[in-house]
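The block underneath contains the structure these notes are about, expressed in structure tokens.
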Amino acid sequence: MTTTLVTNISTLVTNDPTHGPGPLGLIEDAAVLIEGDRIAWVGASGRAPDADTRHDAGGRAAIPGFVDSHSHLVFSGDRTQEFNARMSGQAYKAGGIRTTVAATRAATDAELGANVARYIREALRQGTTTFETKSGYGLTVEDEARALRIAAEHTDEVTYLGAHIVAPEYADDPAAYVELVTGAMLDACAPYARWVDVFCEKGAFDGDQARAVLLAGKAKGLTPRVHANQLSYGPGVQLAVELDAASADHCTHLTDADVDALANGSTVATLLPGAEFSTRAQWPDARRLLDAGVTVALSTDCNPGSSFTSSMPFCVALAVRDMGMTPDEAVWAATAGGAAALRRTDVGRIAPGARADLALLDAPSHVHLAYRPGVPLISDVWRQGIKCR
């Protein structure tokens, strides 16, 4: 296999403490050897092995490719008016999802696929090399299945979210919709998905309904994730931990019992600061979670209604400025934390055996991701060993 040596890296974030100090495993004046689609070696530039080709990083910092573990990319339509109204003082409500449902149902497969590809390219330019995405804007058997089929053409991390909201046709009979989600819709969608998710929230699904959806998904071999405690206090986090969900996402309104449950379980708390930014809502308290020993991930929640951003660097900057995270913690959460939320060990780190996903920053340190918010710092990206930017 062809080997490539990336050398003259000012600071390398490995996320492997065996390679350097702290959780980030920092190496100064570093080099990385890529062999095929894997990392073969990391260390000081002066000890770097020979390679078929060399890439001079020019004194730039290098980080693992971002792992975006929560997005909603299979959609059509635009909710600019809703955003404008919200910024003019109206409150965010879960019901706005119905606008996207109507547009997504009306879109062709080609249109939906082109949208997914567009947002993936957009995210890749900003350093994201692994991403999860969900259904949830079809809410019929046919539309949910085609959303997942389209998503699966672009990523292995596909999530069935038929339980996003109650479909408009079932507004007067939510029990019948839950039966559909756990029955015929699940049967059609499970072959395309790895995960099952539910929006456990007022205006969406209560604790009993969420439990039914997640247990049905587990019975089909899907691992749970939960939209939990975003808009209000509720049972979502406790349910996620009880069912050993990979992640509880949002985690904005938490009791002490919720924090304790996360700290004593294996469920990752995935924080989505783009949603709070775009809805002017209360920020999640990352400091509280981290101090309790909870594993925290950062993700974009890219969706057309409440967080229309694909930028992980933007989310890192928000987490540092408004959620009490240090730059080191935020970068770890956006890389290794996202990998933990997807239960992956091959991404989110730069170490021998890991997938060769890395990004060079037009800066000497990863701290610049928060220090220079809004500046396009990603200069080069490798994904699975291929330089794609």
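The values are calculated or read from the model by the stated rules, or taken from the named source; none is laboratory data. What you are looking at is a predicted structure, and each value in this text was computed from that prediction instead of being measured. Every residue, glycine among them, receives a Cβ derived from its backbone with ideal geometry; neighbour counts consider all protein chains shown. Calculation scope for accessible area: heavy atoms of the full protein, side chains included, ligands and nucleic acids excluded. Shrake-Rupley method; radii C 1.70, N 1.55, O 1.52, S 1.80 Å.
The table that follows gives values for the structure above.
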read-out: The one condition in (1) outside any helix (DSSP H, G or I); (2) closer than 30 Å to A151 by Cα; (3) of a type in the set (D, E) that E111 fails to fulfil; value: (1)
read-out: Residues that are charged (D, E, K, R) and either without any contact (Cβ under 8 Å) to a residue 60 or more places away in the chain or closer than 13 Å to Q126 by Cα (or both), drawn from region 292-323; value: R321, D322
read-out: Selection count, region 80-108, where residues are over 17 Å from E144 (Cβ atoms) and surrounded by 16 or more Cβ atoms within 10 Å (Cβ to Cβ); value: 7
read-out: Pairs, first among the hydroxyl-bearing types (S, T, Y) in region 238-250, second buried (at least 24 other Cβ atoms within 10 Å of the Cβ) and assigned to a helix (DSSP H, G or I), C-beta under 8 Å, six or more apart; value: S247/A240; S247/A341
read-out: Residue that is of a type in the set (D, E, K, R), touching a residue at least 40 places away in the same chain (Cβ under 8 Å), outside any strand (DSSP E or B) and over 20 Å from V316 (Cβ atoms), where the choices are E122, E82; value: E82
read-out: Pick from region 187-204, criterion touching a helix residue (DSSP H, G or I) at 6+ places or on another chain (Cβ under 7 Å) and without any contact (Cβ under 8 Å) to a residue 60 or more places away in the chain, ranking: most open to solvent (accessible area, probe 1.4 Å); value: Y192
read-out: Residue list for region 4-22, restricted to those being over 19 Å from A340 (Cα atoms) and touching a Pro at 6+ places or on another chain (Cβ under 8 Å); value: L5, S10, T11
read-out: Single residue of region 316-358 satisfying the filter (of a type in the set (D, E, K, R) and under 15 Å from the mean Cα position of the chain (by Cα)) that is nearest to V268 (Cα to Cα); value: R343
read-out: Flag if R194 is out of contact with any His (no Cβ under 9 Å at 6 or more places or on another chain) and under 19 Å from H70 (Cβ atoms); value: yes
read-out: Test result for G22, in contact with a Ser or Thr (Cβ under 8 Å, 6 or more places away or on another chain) and in contact (Cβ under 8 Å) with a residue 60 or more places away in the chain; value: no
read-out: Hits in region 129-185 (condition: aliphatic (A, V, I, L, M) and closer than 13 Å to V116 by Cβ); value: A147, L148, I150, A151, A152, V158
read-out: Residue pairs meeting the criteria (Cβ under 9 Å; at least 6 apart or on separate chains; first open to solvent by 70 Å² or more (accessible area, probe 1.4 Å) and of a type in the set (G, A, S), in region 366-389; second at pLDDT 95 or above and not in a loop (DSSP other than H, G, I, E, B)); value: G374/P313; G374/F314; G374/A317
read-out: Test result for V259, among the β-branched types (V, I, T), under 26 Å from P21 (Cβ atoms) and buried (at least 18 other Cβ atoms within 10 Å of the Cβ); value: no
read-out: Extreme residue, farthest from the chain's Cα centre (by Cα), among residues of region 271-314 that are open to solvent by 20 Å² or more (accessible area, probe 1.4 Å) and small (G, A, S); value: A292
